[in-house]
Structure formats: structure tokens, C-alpha cells
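The values are calculated or read from the model by the stated rules, or taken from the named source; none is laboratory data. For clarity, every value in this text was computed on a predicted model and none was experimentally measured. With ideal geometry, Cβ positions are generated from the backbone for all residues, glycine too; neighbour counts draw on all protein chains shown. Ligands, DNA and RNA are excluded from the accessible area calculation, which covers all protein heavy atoms including side chains. Shrake-Rupley method; radii C 1.70, N 1.55, O 1.52, S 1.80 Å.
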Amino acid sequence: MFRNILDLGTGTGLLAFAAAKLWPAARVAASDIDPVSIDVVRENAALNGIRGLQLVVADGLDHRELVAAAPYDLVVANILAQPLIDMAPQIAASVAPRGTLVLSGLLDTQAAAVTRAYVRMGMRPEKHYPGEWAVLVLRQRR
């Protein structure tokens, strides 16, 4: 069971909504670099009866509210491969000891490079769901 969750690069909020429904006692934050995206998430949350989400406009984890709420038991990030690689130090540092990181938004041909970036940050790969668009599940070692 997760108690502190971050949907990084939330887009329309779908992953944050799923987390809020699956773990109703959890604190769920959703962030995106695009302020319009956060407005859309706010509207979608109201339409779907999702309450209590913390919504933040931020470039990655570069926001005091996101930093203050870390570490997260679960971080989900549906972001392109290069930004995932560039943000690996920041994202990995935000995952709680033995916490889970789920990465998507990357092509399967990019999965190895993204995985390497997170392994360098001390994370352990757990699952790789291949397909044209891959999903990676990693665990924080510390």
C-alpha cells in the first residue's frame, strides 16, 4: 500500500486519479510543466469526483511543495525518454527507501538507456514491459 504518491508529468491526470482511487488514504500529488495541463487536471478531477489532489506546476521536481513532500512511496512518470534520463538524479532522490518508480512514455528501443540512468542513481530494475511504448518498474535500493 502506498501512502505518498507523485504523478510527475501528469498530463490529463489519469495516473493520479487511478492512484487516488486505488489508495484512497494516500496523499497524491500531480505535477506538470504546463500550467494548462494542471487546469485540465483540476477540471477532470471535479468531473470524476476526485478530491484532495495536490496540483503543482513545476519543471520536474523543481518546486518547494514537491521537495517538501518527498520522499514518495510511489512515483509515476509518463515522460519522454530524454527528459527521464536528464531528471534521473532528481527523480531517484525523491523515491523513498524501497519505494517504487514506474516510468513510461518511452519507446522500447530507449528502455535500456533509461534503465541505465536510474541504475546509476542506485535504483534496481524490477520489471520491463516491452512493446512499442515500454513501461519500466524500478525499486529504490536504500
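Please specify each residue of segment 95-142 satisfying the condition of being in a strand (DSSP E or B), aromatic (Phe, Trp, Tyr) and either buried (at least 19 other Cβ atoms within 10 Å of the Cβ) or touching a residue at least 12 places away in the same chain (Cβ under 8 Å) (or both). Correct list: TRP133 only.
Residues that are in a loop (DSSP other than H, G, I, E, B), out of contact with any strand residue (DSSP E or B) (no Cβ under 7 Å at 6 or more places or on another chain) and either at negative phi or among the acidic types (Asp, Glu) (or both) within segment 24-56 comprise PRO24, ALA25, ASP34, ASN48, ILE50, ARG51, listed in sequence order. In segment 68-94, the residue that is farthest from ALA26 (Cα to Cα) out of those that are in a strand (DSSP E or B) and open to solvent by less than 30 Å² (accessible area, probe 1.4 Å) is ALA77. Of all residues in segment 46-67, those being under 22 Å from MET1 (Cβ atoms) and open to solvent by less than 50 Å² (accessible area, probe 1.4 Å) number 5.
Figure legend. Inter-residue proximity from segment 47-65: first residues more than 13 Å from ALA30 (Cβ to Cβ), second residues exposed (fewer than 12 other Cβ atoms within 10 Å of the Cβ) and not polar (S, T, N, Q), beta-carbon distance below 6 Å, spacing 6+ or different chains. No pairs are indicated.
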